[in-house]
Amino acid sequence: MGASTNENAAIARTPDRGVARRQAFLQAARTVFLDQGYEAASVNDVVRLAGGSLATLYAQFGNKEGLFLAVIQDQHERIMEAMLPECVDHLPLEQGLQVIGEKFVSAILSRDSLAFFRLVVGEGRKFPESVRRYVFVGSDRVREIIIKYVKLAAPDFRGNLDDIGSHFIELLRGRHHYYALADDAYTLSDAQRTAHVREAVRFLIAGMGAR
């Protein structure tokens with residue numbers, strides 16, 4: 001005999017509740033880890049903030065380290081989504097690089113990104129792979145986009161495309177990323193961000209000898 005309508009509905013809802021509970025734990029853990037750091041953070045504080053039970057948290061993440069790594073992975077996915085531009089293949093070189101650059105700078109200078117950058121680097125000796133992934137993988141992905149785009153938008157360029165991608169990333173970071181990491185009050189207005197990226201783009205294009 002088939003399951004009743006109510007039983008089917010309950011089965012369908014179970015995964016949704018599990019996903020919602022996981023997200024609640026991740027959100028609460030983000031707050032706790034950022035406020036307290038990894039060592040001082042307590043999973044009991046996470047449970048109090050998120051609701052649910054300690055048993056459920058352990059069932060989903062294993063332990064505090066597993067929870068921390070899940071939070072970092074979740075944040076990595078968030079920053080990647082914020083960092084990657086829409087397709088710019090139809091734009092001329094200067095405009096396309098401007099779009100890529102503004103998206104990247106906005107992402108790395110967001111308060112959330114800066115806070116997690118400090119947290120992950122601070123825990124680097126304990127979680128070296130997480131540091132490598134969080135700090136470098138996003139930039140590497142953007143560099144790949146730059147390389148692919150420059151190859152398309154400047155087909156006559158014969159220089160080292162990998163170097164071009166790396167140089168542009170560092171021009172975009174500039175002094176602003178370091179200042180913002182060191183000073184919570186440091187910000188760029190939209191106009192300042194646009195101007196900073198424009199100068200980086202022009203410097204790069206001049207170095208390429210492209211038009």
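Express the relative contact order of the chain as a whole percentage, based on alpha carbon pairs under 8 Å and six or more residues apart in sequence. Could the numbers behind the result be given before it?
Working: 164 pairs, mean separation 40.2, N = 211.
Answer for the chain is 19 percent.
Output the DSSP H helices from the chain with an along-axis C-alpha extent of no less than 15 Å and a mean Kyte-Doolittle hydropathy no less than 0.5. Mind showing how you got there, number by number?
Working: long enough: 5-40 (47 Å, -0.54); 64-83 (28 Å, -0.10); 93-108 (23 Å, 0.63); 111-122 (16 Å, 0.81); 138-153 (22 Å, 0.08); 161-182 (31 Å, -0.12); 190-208 (27 Å, 0.02).
Span-like helices, by this rule, are 93-108, 111-122.
Only helical DSSP H runs with n ≥ 4 go in: add -39500 (n - 2.57) per run for the chain, normalise by residue count and round the 222 nm mean residue ellipticity to 500 deg cm²/dmol. Intermediate values should be presented prior to the final figure.
Values: 10 runs with 162 residues, N = 211.
Only helices count here, giving -25500 deg cm²/dmol.
Given a 1.4 angstrom probe, what's the average accessible area per residue across the chain, in square angstrom? Display every interim value, and only then the final one.
Values: 11840 Å² over 211 residues.
Counting only protein heavy atoms, the per-residue value for the chain is 56 Å².
Specify which residue in the list Val32, Leu97, Gln75 is farthest towards the positive end of the charge dipole of the chain, using unit charges on the beta carbon of Lys, Arg (+1) and Asp, Glu (-1), about the Cα centre.
The listed residue farthest towards the positive side: Val32.
Among 16-22, 94-100, 52-58, how do they line up by average Cβ neighbours within 10 Å per residue, starting with the highest?
Details: 16-22: 12.9, 94-100: 19.7, 52-58: 15.1.
Averaged packing, sorted descending, gives the order 94-100, 52-58, 16-22.
Packing-wise, with mean Cβ within 10 Å as the measure, how do 183-190, 74-81 rank, highest first?
So the order, starting with the most tightly packed, is 74-81, 183-190.
Carbon-plus-sulfur fraction of the accessible area of the stretch 97-211, 1.4 Å probe, in percent? Provide the component values of the computation, followed by the final result.
Working: 3320 of 6290 Å².
Within the stretch 97-211, the accessible surface is 53 percent carbon and sulfur.
The values are calculated or read from the model by the stated rules, or taken from the named source; none is laboratory data. What you are looking at is a predicted structure, and each value in this text was computed from that prediction instead of being measured. Glycine also receives a Cβ, built like all others from the backbone with ideal geometry; neighbour counts cover every protein chain displayed. For the accessible areas, the whole protein counts, side chains as well, though only heavy atoms, and no ligand, DNA or RNA atoms are used. Shrake-Rupley method; radii C 1.70, N 1.55, O 1.52, S 1.80 Å.
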